[in-house]
Amino acid sequence: MSIETLQSEVRILSPAERRKLLAFIIALEDQERADYAAQLSVKIDNKSPERWLTAEQCERKLGLSGDPK
């Protein structure tokens, strides 16, 4: 089955069916990156102040401030 065929099939799904399909695809992605959540959790749990960024630093890193990085 081609990607175009899949896309056509997905277009005719109801919103509830699309949400269910999306959840399934996300679960597949998560399975392939099993250690990703664990690594992200370690970073989130790190409460060391020297690792914190100001709002302005976050905006610069995300390219939202208009300033060069």
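Values quoted throughout were computed directly from the atomic coordinates according to the rules given, and no laboratory measurement underlies them. Since this is a predicted model, take the numbers as computed values, not measurements. No Cβ is skipped: glycine too gets one built from the backbone with ideal geometry, and neighbour counts run over all protein chains shown.
I'd like the full set of residues that are over 16 Å from Val10 (Cβ atoms) and part of a helix (DSSP H, G or I), limited to the stretch 20-35.
Matches in the stretch 20-35: Ala27, Glu29, Asp30, Gln31, Glu32, Ala34, Asp35.
Just to be sure, is Glu4 surrounded by 10 or more Cβ atoms within 10 Å (Cβ to Cβ) and charged (D, E, K, R)? Walk me through it before giving the result.
Working: surrounded by 10 or more Cβ atoms within 10 Å (Cβ to Cβ): no; charged (D, E, K, R): yes.
Judged against the criteria, Glu4 is not a match.
Residue by residue, here is whether (1) surrounded by 10 or more Cβ atoms within 10 Å (Cβ to Cβ); (2) assigned to a helix (DSSP H, G or I); (3) in contact with a helix residue (DSSP H, G or I) (Cβ under 6 Å, 6 or more places away or on another chain) holds:
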| site | (1), (2), (3) |
| --- | --- |
| Val10 | yes, yes, no |
| Ala16 | no, yes, no |
| Glu50 | no, yes, no |
| Leu53 | yes, no, no |
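Listed residues Lys61, Lys43, Lys20; which is basic (Lys, Arg) and in contact with a helix residue (DSSP H, G or I) (Cβ under 9 Å, 6 or more places away or on another chain)?
So the residue among Lys61, Lys43, Lys20 that is basic (Lys, Arg) and in contact with a helix residue (DSSP H, G or I) (Cβ under 9 Å, 6 or more places away or on another chain) is Lys43.
Of the residues Asp35, Asp30, which is exposed (fewer than 10 other Cβ atoms within 10 Å of the Cβ) and within 17 Å of the chain's Cα centre (by Cα)?
Among Asp35, Asp30, only Asp35 is exposed (fewer than 10 other Cβ atoms within 10 Å of the Cβ) and within 17 Å of the chain's Cα centre (by Cα).
Would you be able to tell me the number of residues in the stretch 55-69 that are assigned to a loop (DSSP other than H, G, I, E, B) and not small (Gly, Ala, Ser)? Step through it out loud before you land on a result.
So the first thing to find is which residues in the stretch 55-69 are assigned to a loop (DSSP other than H, G, I, E, B), and the list is 63-69.
Right, trim to not small (Gly, Ala, Ser) and you get 64, 67-69.
Residues meeting the conditions: 4.
Right, Lys43: surrounded by fewer than 10 Cβ atoms within 10 Å (Cβ to Cβ) and in a helix (DSSP H, G or I) or not? Give the derivation first.
On the way: surrounded by fewer than 10 Cβ atoms within 10 Å (Cβ to Cβ): yes; in a helix (DSSP H, G or I): yes.
For Lys43, the condition - surrounded by fewer than 10 Cβ atoms within 10 Å (Cβ to Cβ) and in a helix (DSSP H, G or I) - is met.
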